[in-house]
Amino acid sequence: MILRPVTLIGIIVSMVAGVILGVVTYRSLDWQPRAIQDRVLAEIVDRVGEHYVKDVPRQKLISDAIDGMLRGLDEHSSYLDADGYDAIQEETTGRFGGIGIEVGLVDGFVTVIAPMDDTPAERAGVAAGDRITRINGQSMRGTSLIDAIDALRGPPGSNVDVRFLRVPRNGSSADGVTIDRTLTRANIRVASVTGRLLEPGIAYVRIAQFQLRTSDELEKALTDLEIENGSPLDGAVLDLRNNPGGILGASVKVADAFLNDGLIVYTEGRLETRELTFRAAPGDLLDGKPVAVLINGGSASASEIVAGALQDHDRATLVGSKSFGKGTVQSVIPLANERAIKITTAHYFTPNGRSIHEKGIEPDIVVQRGDDIATYRDRILGSAVDAIRNSDRHAG
């Protein structure tokens, strides 16, 4: 009986000593050779596998370690296993399964960047900025973006229960409204470009996402609308609302379609190979006729490249509300066994040197969305047409 307290104290001292030694060892990693640093990581995986209260497959421990490392970089970097790699390749072609939303991590929350056109999410009223707090009853707190996407996707026709938190602009979580939706998954095929005539001479072109063939589809849409109009177009409304972005090169080609020369966008990164400059080539699809670009809080990344370039060159009037504010470039770097990492490799800047990251692009004409969607649609399209009709470029 006398020895037990002593033994307990000894155990505690040993534990404390071990913690202290561990802190010293790991704090010293920054000057240790790379081989020692690698061994420490491998040793931690081994020890967790041996001593954790539950048996966890080693592959999961390694995947979680990689995922945690990349999530520690920023909210846009992630590890892609074989399924995730396939999914991101499918997205560039506009075909994948799910509920039809683009998501990102914003302030640590899995957040809707934009619902995609004519998808289960869009039809259910999901809006840009909605936070996803639960999927099928499972809390999303601390969940990686890839895991959240995996939970949302599934066989077409199956249901997924999603809880959203809608927070007012400039509000806090305490001001949010909880919205529960049961969504039926579908084959998502996003048409990159659609168009119609708003009125004689005025084309309306909607770009839902920047994909491999977006610029070709844009040119075809404008050509078809000019034929339908029976004479050259007087101007065009380019709708980039709720367009979450996509391929950088596609956005450059779209901006180039309305510019004859000048800088479109440039990037700055740590590596010289990531510092790129894109300039417009001669040839304007509208021959200088006026353009109005519609943006909102769901317009992000590649959409902001187009809007920023046309605004800086005074080539278009921006109508709507402030854009999302994502000014970083992500590169997908393939690994062995059909895996990859998606990491931030550069920041991009508009022709005038603006970095819109976490700032967004302000429209020239502000039109906020209200509760009445029909009224909002009429107001924003009316403002865009007025901007075209009143432009000094109208005479061509």
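Restricting to Cα pairs below 8 Å that are 6+ residues apart, what does the relative contact order work out to for the range 193-389? Please round to a whole percent. Before the final figure, lay out the partial values.
Values: 447 pairs, mean separation 38.0, N = 197.
That works out to 19 percent.
Contact order normalised by length for the chain, with contacts defined as Cα pairs under 8 Å and 6 or more residues apart; what percent is it? Can you show the working numbers first?
Working: 780 pairs, mean separation 50.6, N = 396.
Reported relative contact order: 13 percent.
Using only Cα atoms and rounding to the nearest 10 degrees, what angle (0 to 90) does helix 373-389 make with the longest principal axis of the chain?
Taking Cα atoms only, the helix is inclined about 60 degrees.
Hey, with R₀ at 51 Å, roughly what FRET efficiency would Val48 and Thr194 work out to, going by the Cβ-Cβ distance, to 0.05?
On the way: r = 51 Å, r/R0 = 1.00.
It comes out at approximately 0.50.
Just subtract the alpha-carbon distance of Ala336 and Asp261 from 0.36 nm times their residue separation and send over the number in nm, one decimal.
Values: separation 75, 0.36 × 75 = 27.00 nm, distance 4.12 nm.
In short, 22.9 nm is gained.
Whole Å is fine, so just give me how far the alpha carbon centre of the range 33-54 lies from that of the range 228-251.
If we compute the Cα centre of each part, the gap is 52 Å.
If we count other beta carbons within 10 Å of each Cβ, what is the order of Met140, Met69, fewest first? Walk me through the numbers before you get to the answer.
Numbers: Met140 19, Met69 13.
Ascending Cβ contact count within 10 Å gives the list Met69, Met140.
So which residue, out of Pro232, Pro115, Pro57, gets the largest mean-square fluctuation from a GNM of the chain using Cα contacts under 10 Å as springs?
With Cα springs under 10 Å in the chain, the top fluctuation among Pro232, Pro115, Pro57 is at Pro57.
As an exercise, identify the GluC sites (Glu not before Pro) in the range 251-319 lying in DSSP coil whose Cβ has no more than 14 other Cβ atoms within 10 Å.
Working: sites: Glu268, Glu272, Glu275, Glu304; in loops: Glu275.
Filter output for the range 251-319: Glu275.
With +1 on the Cβ of every Lys and Arg and -1 on the Cβ of every Asp and Glu, and nothing else charged, how large is the dipole of the chain about its Cα centre, in debye rounded to the nearest 20?
Details: 43 positive and 54 negative charges, 251 e Å.
Approximately 1200 debye in magnitude.
Based on alpha-carbon centroids, what's the gap between the range 202-217 and the range 269-317 in Å, whole number please?
14 Å
Of Arg377, Arg206, Arg315, which is the most mobile in a GNM of the chain whose springs link Cα atoms less than 10 angstrom apart?
Arg377
As a check on your grasp of the helix formula, calculate [θ] at 222 nm for the chain: sum -39500 (n - 2.57) over DSSP H runs of n ≥ 4, divide by the residue count, round to the nearest 500.
On the way: 10 runs with 134 residues, N = 396.
Taken over the chain, the calculation gives -11000 deg cm²/dmol.
Given springs between every Cα pair under 10 Å in a Gaussian network model of the chain, which of Gly104, Gly288, Gly320 has the largest fluctuation?
Comparing Gly104, Gly288, Gly320 in a Gaussian network model of the chain, the most mobile one is Gly288.
Send over the Kirkwood Rh of the chain, from the inverse of the averaged 1/r over different Cα pairs, rounded to one decimal Å.
On the way: mean 1/r = 0.0425 Å⁻¹.
It is 23.5 Å.
Pop a pseudo-label 7 angstrom from the Cα along the beta-carbon direction at both Gln59 and Ala35 and give the gap in nm to one decimal.
3.0 nm
Could you check the simple spin-label distance between Glu358 and Ser139, using points 7 Å along Cα→Cβ, in nm with one decimal?
Result: 2.6 nm between the two label points.
Against the longest alpha carbon principal axis of the chain, how many degrees, from 0 to 90 and to the nearest 10, is the axis of helix 82-93 turned?
Helix 82-93 sits roughly 10 degrees off the main axis of the chain.
Please give the Cα centre distance for the range 335-371 versus the range 133-193, rounded to the nearest Å.
If we compute the Cα centre of each part, the gap is 22 Å.
Would you mind telling me the antiparallel percentage of the DSSP bridges in the chain, rounded to 5? Show your work: numbers first, answer last.
Numbers: 47 of 64 bridges.
Percent antiparallel among DSSP bridges in the chain is about 75.
According to the square roots a ≥ b ≥ c of the eigenvalues of the Cα gyration tensor, what is the shape class of the range 259-396, taking rounded for a/c under 1.5, prolate for a/b larger than b/c otherwise, and oblate for the remainder? Please report the intermediate quantities before stating the final value.
Values: a/c = 2.52, a/b = 1.52, b/c = 1.66.
Verdict is oblate for the range 259-396.
All of the numbers you see were taken from the coordinates with simple rules; none came from a lab. None of the values given here were measured: they were computed from a predicted structure. In this analysis, Cβ positions are derived from the backbone assuming ideal geometry, glycine residues included, and neighbour counts consider all displayed protein chains.
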